[in-house]
């Protein structure tokens, strides 16, 4: 039965949930915006495959109508995943009700859905996939029944030993319902021989390697945990007498929750109603390794993560970029929207006027219009358009936050030339991306990364620009060193957590398992 059909009050029956180890599929009904087999987002193949954050998590406990707050929180975290969304709400008697589906948050949940998801504890998730694919069963939160009661889990990150653990669990008889590495955590909790929920979760987390920022509900109790290196952000907030856990502070702002602090690397918290307890921390890593790409690209500029204002960090990147790669030009503008702050910083430092030279179409969604194969610029043209009055007969500096494959940038340069730009100087507010990520970012393989196979002068020639400049790795890390150290593996190839599955040939560089 679809939860939206349930009536409010004590007669409501719970949504049937899978039982750990049975292999029975869950019975969540697809919602508006869900797609059957074969549905594709054509823009995914026509736009440059930008690196994509896999997930965002949000949870509330001790607050009435928790699911409505989670809905708003997921709205604020939509940039972290647009493939699927889900909310699990816990009724006062500990019964879990879940609603999830493919599509954007606004497409997946109706007002009736939120009315049916009643209770003062709820867990939410937005997702992109890697190897798991766009499948209804891979949407999170994963919700199951097990010995200690209804359990849900929402995961941001990527386990670098997920396939090894999965193979071992399958050999022991576990039946998996998804292709997501997050389900491994559920089975580890359920199979733990410890007596208490706290000990079972501690036991499960001790087996994990790689990146995980987790929210787990067991009955009306929430648990929040971050891996020992702290790859992905997770913040703690307060709403009334209850608590909120979110991937970014912008999600606290939308529900008017008070930011308390970041959840520390290796920290495990237990939250129930208005109570909070710090459980035993995970074994410490040699050093923290929060992902610097969160500051470069992923996090919203109105967020604070790891103590840093994302907007201020990006402006600092732009200022340092201007010092390292000045240009003799008439105006500066960004490739919107993630490069806006960096472009402002470049303009501030260089003294070159900031303009709105490129506009982005914010209403680009799923489309089934298939352009001609010969129209290679379709993806970029449907998303961006130059302002001719700004660029015509002018020397322009175009600032972008990062460069992955370079296909969209090639099209943008062509558009600017066609709009009359006399010179185009491209500046990238991060170093060349030369290596794939295995810690929670869906990034192309090394062979597909233009920074891996070409020198900077060669990249400039391929893109057709008059000059090309990247922010140096030292310059990038230097301006945010007070908030570090950071993981910079996608730039340097220095992987701070062991790539267990890769080293043992269980996954390939092009198909890492994903949340």
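The values are calculated or read from the model by the stated rules, or taken from the named source; none is laboratory data. Only a predicted model underlies this, so the values are computations on that prediction, with no experimental measurement involved. Here the Cβ is made from the backbone with ideal geometry for all residues, glycine too, and neighbour counts use every protein chain on show.
Can you pull out the residues in segment 374-413 that are under 24 Å from residue 320 (Cα atoms), in a strand (DSSP E or B) and within 24 Å of the chain's Cα centre (by Cα)?
Correct list: 399, 400.
Take segment 271-303 and flag every residue that is over 15 Å from the mean Cα position of the chain (by Cα) and closer than 18 Å to residue 483 by Cα.
Selection gives 285, 286, 287, 288, 289, 302.
How many residues are part of a loop (DSSP other than H, G, I, E, B), more than 30 Å from residue 408 (Cα to Cα) and at pLDDT 95 or above if we restrict to segment 471-495?
Residues in segment 471-495 being part of a loop (DSSP other than H, G, I, E, B), more than 30 Å from residue 408 (Cα to Cα) and at pLDDT 95 or above: 1 in total.
From 314, 300, which residue is out of contact with any strand residue (DSSP E or B) (no Cβ under 7 Å at 6 or more places or on another chain), buried (at least 20 other Cβ atoms within 10 Å of the Cβ) and in a helix (DSSP H, G or I)?
Checking each option against the conditions leaves just 314.
If you check residue 68 against the conditions, is it in contact with a helix residue (DSSP H, G or I) (Cβ under 9 Å, 6 or more places away or on another chain), under 16 Å from residue 242 (Cβ atoms), surrounded by fewer than 24 Cβ atoms within 10 Å (Cβ to Cβ) and not assigned by TED's automatic domain parsing to the domain that holds residue 437?
yes
Identify, from the list 116, 147, the residue that is at pLDDT 95 or above and at negative phi.
Exactly one of 116, 147 is at pLDDT 95 or above and at negative phi, namely 116.
For segment 209-224, state whether one or more residues are assigned to a loop (DSSP other than H, G, I, E, B), assigned by TED's automatic domain parsing to the domain that holds residue 118, within 29 Å of residue 437 (Cα to Cα) and touching a residue at least 12 places away in the same chain (Cβ under 8 Å).
Yes, segment 209-224 has at least one match.
Counting only residues that are modelled with pLDDT under 95, surrounded by 13 or more Cβ atoms within 10 Å (Cβ to Cβ) and more than 24 Å from residue 81 (Cα to Cα), how many does segment 353-384 have?
Qualifying residue count, segment 353-384: 3.
Across segment 119-129, which residue is modelled with the highest pLDDT among those that are surrounded by fewer than 24 Cβ atoms within 10 Å (Cβ to Cβ) and under 21 Å from residue 298 (Cα atoms)?
128
Of everything in segment 423-470, what is part of a strand (DSSP E or B) and under 28 Å from the mean Cα position of the chain (by Cα)? Give them in sequence order.
426, 427, 428, 441, 442, 469, 470
One residue is enough: does segment 235-246 have a residue meeting the conditions in contact with a strand residue (DSSP E or B) (Cβ under 8 Å, 6 or more places away or on another chain), part of a loop (DSSP other than H, G, I, E, B), under 30 Å from residue 209 (Cβ atoms) and not assigned by TED's automatic domain parsing to the domain that holds residue 443?
no
Could you go through segment 251-262 and let me know if any residue there is assigned to a strand (DSSP E or B), under 19 Å from residue 87 (Cα atoms) and either assigned by TED's automatic domain parsing to the domain that holds residue 160 or in contact with a helix residue (DSSP H, G or I) (Cβ under 9 Å, 6 or more places away or on another chain) (or both).
no
Select the strands (runs of 3 or more DSSP E) contained entirely in segment 114-174, then report the ones holding at least 3 residues which are assigned by TED's automatic domain parsing to the domain that holds residue 78, out of contact with any helix residue (DSSP H, G or I) (no Cβ under 7 Å at 6 or more places or on another chain) and within 15 Å of residue 184 (Cα to Cα).
Result: 149-159.
Examine segment 272-286 for a residue that is in the same structural domain as residue 78 (by TED's automatic domain parsing) and surrounded by 24 or more Cβ atoms within 10 Å (Cβ to Cβ), and state whether such a residue exists.
No, segment 272-286 has no match at all.
Looking at segment 448-471, is at least one residue in contact with a helix residue (DSSP H, G or I) (Cβ under 6 Å, 6 or more places away or on another chain) and surrounded by fewer than 16 Cβ atoms within 10 Å (Cβ to Cβ)?
yes
Could you figure out which of (1) in contact with a strand residue (DSSP E or B) (Cβ under 7 Å, 6 or more places away or on another chain); (2) crowded, with 21+ Cβ neighbours inside 10 Å; (3) under 23 Å from residue 379 (Cβ atoms) isn't true of residue 419?
(2)
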